[in-house]
Amino acid sequence: MFRSSAAAPPTQSRSRGLLPLSTHTVDRLFRASSMPAFRQVGEKQLPNPILCMAWSPKRDLIALANTTGELLLHRLASFQRVWSLPPSEYTGKEITALAWRPDGKILAFSLGDTKQVVLCDVEKAEVLHMFPTQSSVTCMNWMEVVEENSVLGSFHNAEDESKLFLPELPTLPKSYSTTSKIFSEEKSDEILNLLGEVRLNILVLGGDAGSVELYAYGMYKIATLGKVAGTCRSLSLSSDLRSLSLITEVQSADSISEICYVQLDTGLLSDCLPEVTRMARKFTHISTLLQYLHLSLTCMCEAWEDILMQMDLRLTKFVQEKNTSTQVQDEFLDLLLWGQSSPELQALLMNQLTVKGLKKLGQSIESSYSSIQKLVISHLQSGSEALLYQLSEVRGMSLWKQKFECLGLDSEAIDGAITAVGSFSLKANELLQVIDKSMKNFKAFFRWLYVAMLRMCDEHVPPELNKMTQKDIAFVADFLSEHFSENEELFDRKGKYFNVERVGQYLKDEDEDLVSPPNTKGNQWLKFLQESTHLKESPLLFPSYPQKSLHFVKRMMESVIELCLQKPAEVIGKSVKQAVFFPLYAVPDNSEKIPRLFQLPSLWNDKKGKMHCVVFCMPEISPSKLYLLRKGTDPNRHVPNSFMSIDLSHYLDSTDDDGVAAHCLDARFYDDEMLTVVLQGSEDQNSRRVLAQVSLASSLSFETEFHWEPSL
């Protein structure tokens, strides 16, 4: 790794200028023209070969991905390892590309084996978000819009209005471990902070099948572009959003790869920048809220599963080992009414459950109930309210057709999403009522059974437990009728004689109807709705789906919102047209000895000049020349001297009396006005490699334009 003694600008130019040196050793360093010499700052042996690397745009950090699928973060000064993220079966093991978010706080990497993109928190080495892609990602670019717009200024001020109306979402509890094993307990805060700064940033992904996808803030898919020819090798979205330039590799029938330059017109994004920013921010916020609800529900399921196993094991086994002809339900009712039990029931109670076991089971069930209840109230309901608010804001935007219709916002689809969130809120509220009723029944049952077992042991019964009201007896009777059932349908579906819990059925991720749906007999509101012809099908009322679980309604809500989010991505994608396509050069078979990285052109977005720049070399054809191609970010703008070649043979000539011909191995943009190049002497002489920097100012001063035949 090398850094010039002149201060390097804090941009990704450094990575492009220095990346090839990860695979080559520079034998001798020479002073190029009047510039200071490069200074070697470190050399480290690594245990595994490196596939890709990327400098942090803001800090003195470099991210490395090796052949084992491990992601490493190192400091430059001492090459000290900051952290490493080992490969995982859940995320994937074959890292294909890296990209930093422009603020340097999040690192994105793609995985070829699972076709996923993962966003990782740089501070904590935590996976914050992951999403699938159409095809395996071969290159990515994360850019930030620098275009200033007066309309954007007012948007920045109005961004935090939701905080005036909505409470802050509570942090998820720390005592759970998700099935994926990669999400940490404090993750909910980071998820909600994924948006970063207000300024729009876009993660661009290029695939091996020519697919291109754009993700606003790295989260929300803002455009799915039509496929380009070949495999995407590198790409760059201009900072003014006017166009996207790509380098693709097209395989011909005779196994010769053709390297091509493609420019796509993304004018709609640029023309509607304030609207795109607002829409993308809202949809990204909605995506983070959906993930927050998903994690909240995961917490609820895991809080329930531990208790479920204990209760299921003890009580189901207890019911199935009964060898009397009478039903357990009847035996418990005899015990409740007459205070006497059969010898079999007494033996099972004292041996299987025991007094201590019953007390412990009752306490853990009560604790589990209250934690689920808190999660529903504080997380699910507050998350649903925030989701409703954000969707209502988007609906308001969709009705402003002059501004947002061209971006594909559909008010009908958003209405469907709002209805789905309303149904989810109703189902969460229904679960609260079921928990409340079950808690009363469970408490009454365990208290009564505990007293009965104390009496069987002839132990002292505390006076406060000895009182039994008529309401308590009704609760116990309800519990017995609901949970101890030998109904054939129940046994066939669950394989158990004991219906473990009415709450658990709401947390199961199944398409089947609820085993014990809520009893709605006597509900005056439902009766009124059924009898009213106008309200029965009213769009103002949210459907409740009384037969379905909370998980089922959540999945339905997610699919409806997903459809709502997809429409703008399709509309914006269709608006993107190919403005430029021409082949640069062919890569013949015999060039396999050259590392793959060295065969690819370097893309650069000149923000001041509003141009896409491409620099490449052809060692097989013109070994001592560099080729520079410049295109305006506006495809209709003419750029003088758009194509030129630069002869670099004099660099080595000036340092060698023999005048050795120089071969240009590779070149990368260092900044808008400078190239970093690797030169090599001819193979038949003592070959040496030189790292040099070339100023573009003199090369761009030519008055005569070079006319290029795209067919050649």
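The values are calculated or read from the model by the stated rules, or taken from the named source; none is laboratory data. This structure is a prediction, so every number in the text was calculated from the model and none was measured. For neighbour counting, all protein chains shown are included, and Cβ atoms are generated from backbone atoms with ideal geometry for every residue, glycine included. Heads up: the accessible areas ignore ligands, DNA and RNA and are worked out on the full protein's heavy atoms, side chains in. Shrake-Rupley method; radii C 1.70, N 1.55, O 1.52, S 1.80 Å.
Here are some notes:
- Cα centroid separation, the stretch 504-523 to the stretch 71-145: 41 Å.
- Label-to-label distance, nm, for residues given as Thr520 and Ile377 (7 Å Cα→Cβ offset): 2.6
- Estimated FRET transfer efficiency (Leu600, Lys567; beta-carbon r; R0 35 Å; 0.05): 0.50
- Summed residue charge, Cβ within 12 Å of His551's Cβ, Lys/Arg positive, Asp/Glu negative: 0
- Taken along the Cα-to-beta-carbon direction at a fixed 7 Å, the label points for Ile50 and Leu529 span 6.1 nm.
- Added length on full extension, which subtracts the Cα-Cα distance from 0.36 nm per residue, Gln346 to Leu432: 27.5 nm
- At R0 = 51 Å, FRET efficiency that the Cβ-Cβ distance of Met439 and Ser84 yields, to 0.05: 0.65
- Length added when fully stretched, Gln578-Ser162, from 0.36 nm per residue minus Cα-Cα: 145.8 nm
- Total formal charge among the other residues, if their Cβ is under 15 angstrom from that of Val476, Lys/Arg +1 and Asp/Glu -1: 0
- Net length gained if the chain between Asn641 and Asp458 were fully extended (0.36 nm per residue, minus Cα distance): 55.6 nm
- Distance (nanometres) between label positions extended 7 Å along Cα→Cβ at Glu620 and Lys58: 4.4
- The stretch 402-463: GluC sites (Glu not before Pro) in DSSP loop, at most 14 other beta carbons within 10 Å: Glu459
- Under a 5 Å amide H cut-off, with hydrogens placed 1.01 Å from N, Ala223 pairs with Leu214 among residues at least 5 apart or on other chains.
- Estimated from the Cβ-Cβ distance and a Förster radius of 56 angstrom, the FRET efficiency linking Arg75 and Asp254 is about 0.75.
- Amide H to amide H, with H built 1.01 Å from N, Leu200 comes under 5 Å of Val145, counting only residues 5 or more places away or on other chains.
- Loop-resident sites, the stretch 37-79, for trypsin sites (Lys or Arg not before Pro), counting at most 16 other Cβ within 10 Å (DSSP): Lys44, Lys58, Arg59
- Sorting Cys301, Cys406 on solvent-accessible area from highest to lowest, probe radius 1.4 Å, gives Cys406, Cys301.
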